[in-house]
Structures are given as structure tokens and as C-alpha cells.
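Please read the structure below before turning to the comments.
The values are calculated or read from the model by the stated rules, or taken from the named source; none is laboratory data. Every value quoted in this text rests on a predicted model; they were computed, and no experiment measured them. Note that each Cβ is placed from the backbone with ideal geometry, even for glycine, and that neighbours are counted across all protein chains shown. When the accessible area is computed, the model is the full protein with side chains, heavy atoms only, and any ligands, DNA or RNA have been set aside. Shrake-Rupley method; radii C 1.70, N 1.55, O 1.52, S 1.80 Å.
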Amino acid sequence: MLQVSFIRENFDQAVLGLRKRNLNDAEALLKQAIELDDDRKSIQLQRDQLQAESNSISKSIGQLMKSGQIAEAEKVKSRTSEIKLQVKELEVSYTEKELQLTQLLYTLPNIPHESVPAGKSADDNEIVLSHGAIPVLNVDEKLAHWDLIKKYDIIDFELGVKISGAGFPVYKGKGARLQRALINFFLDEALQAGYVEIQPPILVNEDSGYGTGQLPDKEGQMYFATEDNLYLIPTAEVPITNIYRNEIVQEEQLPIRNVGYTPCFRREAGSWGAHVRGLNRLHQFDKVEIVHISHPDKSYEALEEMSAYVQGLLKKLGLPYRVLRLCGGDMGFTSALTYDMEVFSAAQERWLEVSSVSNFEAFQANRLKLRFRDESKKMNLAHTLNGSALALPRIVAAILENNQQAAGIKMPEVLVPYLGFEWIQ
RNA sequence: AGAGAGUUGGGUGAGUGGCUUAAACCAGCAGUUUGCUAAACUGUCGUACGUGUCAAAGCGUACCGGGGGUUCGAAUCCCCCACUCUCUACCA
């Protein structure tokens, strides 16, 4: 959520930023926010003054009662009941303005960083760099991963349908072991890089949904346990970032760097189509997530560090990848700058998004009320960042497709100690 | 799930309608003293919003788990909800 003070002080920048997100009436919306805030302030001023008067009258009534001047006390009571009515009215309009303002602010996305390219869709994303050669497959007939998993009987979608439904695969044998190996590999790498491991709950309450921006409006994308009012997490970002909701952290604690593995649950309502076969899109999948809580001056350094870290993982797995800087039209609602990492999957002959690393600046922290006190004892919002490191299914798809040979599928070297085998045959 | 007891500042914890401007202690911060450390002493020490200002100080309002109510006045009385602890039941 944007801060009104930020909008006031950086009005032109905010307008330009939101236009980059193709929000054409940005100027009018931002002006409206300032107006609502002005109204709120002037109502608060009236209300506070009346309440101050009422407080002092109450105090004097207490004293009159004590000294036995009951009749005097009764007299002044009438004034307080007058004030009470007025305060009640002002209270109602204050709450109304505040609500309108909050609802307006909830609809405004984050201001993109200046380096974010203009654009409408994924076609306008900027390719920052590419790494690794497109693999040439040494097989008679290259198979997509959905055929490979059948051939080697390592992932069973039909079985998942029987137990749960479409999009809930069952991993079997070496397929299951590959999942476990990847999770452990990713966690160990993060620990070596200095992250603190977190194992969070995978059901979260409503407040947490608001804290990271899944709520309001995106409730349709989360599974919801109605009996207990809990949401199944779509990503570990939600519980891990919400650890710091309503917290004042010490400046010297920054940066906070957490990593966590969780299953992720996404309803993906209505988003099934030709490009989402096999592992490309699932209702349940596994992901290791990294989260940074950063000093505002250091958050872009942190973003670069996270991007480099994720690229390191892809290099170790031997997967060709490219890094995209998302354009204004393709970037997530809460993000100021997002890098997507895509790996090339050689049988589908497509780039698959396997990680998304974002700096949210103070946008989430404002909702979370995540603050720190600086040297001059002033309260500031921290910056939050997160990134996948990594999401498993498409990594598995790429490993299977890119490493297929006549003899079977050769596992990446770095995974062998975790797997206990070299080939899926 | 049933019964009972609770939830007060960073921590412990007092406070049953106006003497609370939330006591006291601990921790923290600043200072004094001191060969150093420690101790002692003095002061300071919540958050949000508003107001004020170059910035601040100051001032106002709200906040004692959350929401609502009674009252001129609520941490205190009433209602609803959440959570914690104890016992019982159940369970890995």
C-alpha cells in the first residue's frame, strides 16, 4: 500500500510511475487520495478538540461531585451530551473517509522503479542476460517431460486425479526422491549463503493475507478452509514475511535473510490452457523461498544479490537460463522491480519461469507496519524482498527434458549426493 | 471438545468507576562518580494520528488482547470474539 505522505511529496513521480503500469487515470486517483486524506485530517482536528473539551468537563464534574456540588455538576452534564452527539457524528464521517482512503489505496499498485521498462505484456519484458547454450538432444525422438514421466513411471497425474483432482501430481520412486533432493539442495545452498531457515505454517489467517497483499481481491487464487477461516499459502512469502508484521526491528538486525521450504497451493481458477500441460502449472507444488528485510538504502543491492544467488543455483544445475526485467504491464501488483528467471526446456522448446525475484520497497512494509528505528531515533518503514530459490516443478521439467539420452535421464552432478543415483532409467 | 482461570508498556507486575498523567522493579539509553570493570546516584525511556516547525521541542486525541455497549467519566462494569494456562476428554 502506498503512503499518502509519499504521494504528496513525490506526486509527479507517482503519476509517471502508475502510468508505466498503464493506469491512465493515475493523476485523478492520486489527487483523490490526497483529498480524502485532507478531509480525514480536518475531521480529526474537530473531533480531537471536542473530545479535549469533553475530557476537561468530565474532570471538573468529578471534582464538583467530590465537593458535594451536585447541582453544579448536573448543569455541566448537558454540555457533554451535546459534545457526545457531535463527536459521534464526526467519528462516523472520520471512519468513512478513512475507509474510502484505504480502499482507494488498496487498488493502487506499487510505483515501479525507474529502470522498469514501459510495456503492456510479457512481450515487452527486457532480457537482461542469457546464460548457457541451448542443449542439443542426442536422442532419436525428444520427449516432453509429460511423456518422460510416464516412460519412467516417476510422476503420476492420473493417480493424483483419483486422490485429489487435476493439478495434484503423485511423485513416485525416483520422482519422489528427486523432489526431496532438490529441496535439500536448495536449502543447503541457502544456509551456506547465510540464510536463516524457517519452517512456517502453511495455513495462514486473514491478517497475514492482507499483510503481503494477497487480500483483498485475490482471495479467489487461494484455497480457503471455511470452518477455521484459514488460507492455504500460495507461497512461503506469506507466512515468512508476516513474521515481521507489526514489528519494530533494530537497525543493526538488518538485513534479515530467511529461507523456507513449503508446499504452495494455488487454485489457478480458469487459467488452464495449451501451455500448462504436465508440470508447467499445478495446484500444489514445492518451493524454496528466500525473503529479505532490508534497510531502504540497501534494498536494490539486496535485489542484485538475490538475483545472482538464484542464477548461481541454475548454473550449478546446468540449466540454460535468461533473466528478464519485467515491464510495467507484467509486473506484480506489489512489486517495484522484478527479475524473472526462465530456464529453457529443450523438448517443449520453451522458456519456463522458475523464479521471480522482487523488491517491494516499502509497499508491503506499510501494510505490515514493519519498521525500524534509525540512528536519529526516527521510525522508518523497512523494505521487503523475496524470490523463489527455486520452484520445483519446472526445474524438474527442464532437468528431465534437457538431460534425456538414449540410456535414460542423467541427473545433474550436484544432485547425485542428495539423490543416491545418477540415472533415471 | 467440556469446565475453570487468565491476557496491562521491551520483561516481571500493581491497579474493582474520578487521587492513574498506568505504580513499582528489571532491562535499555544519557549523564555524574571512578585507575579499568562493576556498583551507586541522577535523569530519560511506548505506539499511532493530528497540530506545530526548515527541523525539533511542545501541545491535543486515541490505545491496558480485538470489537461493541453502559456512564458526565472505563484498564476497572456488561456483551461478543480471539488467544494463553490448568484439569478432563481425545490424539501423533
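Answer yes if at least one residue in the stretch A:195-205 is in a loop (DSSP other than H, G, I, E, B), over 24 Å from residue A:255 (Cβ atoms) and aromatic (Phe, Trp, Tyr), and no otherwise.
Checking the stretch A:195-205: not a single residue is in a loop (DSSP other than H, G, I, E, B), over 24 Å from residue A:255 (Cβ atoms) and aromatic (Phe, Trp, Tyr).
Is it the case, given these coordinates, that residue A:355 is among the hydroxyl-bearing types (Ser, Thr, Tyr) and within 16 Å of RNA strand B (Cβ to nearest atom)?
So residue A:355 fails the test.
Pull out all pairs, ordered by first then second residue, where Cβ-Cβ is under 8 Å, the residues are six or more apart or on different chains, the first lies in the stretch A:84-95 and is in a helix (DSSP H, G or I) and more than 10 Å from RNA strand B (Cβ to nearest atom), and the second is open to solvent by less than 80 Å² (accessible area, probe 1.4 Å) and of a type in the set (D, E, K, R).
Cβ pairs passing all conditions: A:90/A:47.
Show the residue pairs meeting these rules: Cβ distance below 8 Å; 6+ apart or different chains; first residue within the stretch A:299-325 and closer than 15 Å to residue A:129 by Cβ; second residue part of a helix (DSSP H, G or I) and β-branched (Val, Ile, Thr).
A:319/A:395; A:319/A:399
Give, as residue ranges, the strands (runs of 3 or more DSSP E) completely inside the stretch A:227-311 that count at least 2 residues that are buried (at least 21 other Cβ atoms within 10 Å of the Cβ).
On the way: elements: A:230-232, A:248-250, A:256-265, A:284-294.
Because the criterion is at least 2 residues that are buried (at least 21 other Cβ atoms within 10 Å of the Cβ), the strands (runs of 3 or more DSSP E) in the stretch A:227-311 that meet it are A:256-265, A:284-294.
Considering only the stretch A:39-50, I want to know if a residue exists there that is in contact (Cβ under 8 Å) with a residue 60 or more places away in the chain, more than 10 Å from RNA strand B (Cβ to nearest atom) and under 29 Å from residue A:296 (Cβ atoms).
no
If the Cβ limit is 9 Å and pairs must be 6+ apart or interchain, which residue in the stretch A:355-377 that is part of a helix (DSSP H, G or I) pairs with which residue that is of a type in the set (Lys, Arg) and within 16 Å of RNA strand B (Cβ to nearest atom)?
That search, which allows pairs on different chains as well, returns A:365/A:371; A:367/A:245; A:368/A:245.
Is it fair to say residue A:99 is near RNA strand B (Cβ under 6 Å from one of its atoms), under 30 Å from residue A:3 (Cα atoms) and either polar (S, T, N, Q) or surrounded by fewer than 14 Cβ atoms within 10 Å (Cβ to Cβ) (or both)?
The answer is no for residue A:99.
Inside the stretch A:132-187, can you point out the residues that are more than 27 Å from the chain's Cα centre (by Cα), among the aromatic types (Phe, Trp, Tyr) and part of a loop (DSSP other than H, G, I, E, B)?
Within the stretch A:132-187, A:152 is the sole residue that qualifies.
Could you list, in sequence order, the residues of the stretch A:57-69 that are part of a helix (DSSP H, G or I) and either more than 7 Å from RNA strand B (Cβ to nearest atom) or open to solvent by 70 Å² or more (accessible area, probe 1.4 Å) (or both)? Break it down into steps so the answer makes sense when it comes.
From the stretch A:57-69, those part of a helix (DSSP H, G or I) are A:57-66; that's our starting set.
If the condition is that a residue be part of a helix (DSSP H, G or I) and either more than 7 Å from RNA strand B (Cβ to nearest atom) or open to solvent by 70 Å² or more (accessible area, probe 1.4 Å) (or both), then A:59, A:60, A:63, A:64, A:65, A:66 are the ones that fit.
Would you call residue A:323 farther than 30 Å from residue A:223 by Cα, among the aliphatic types (A, V, I, L, M) and surrounded by fewer than 19 Cβ atoms within 10 Å (Cβ to Cβ)?
For residue A:323, the condition - farther than 30 Å from residue A:223 by Cα, among the aliphatic types (A, V, I, L, M) and surrounded by fewer than 19 Cβ atoms within 10 Å (Cβ to Cβ) - is not met.
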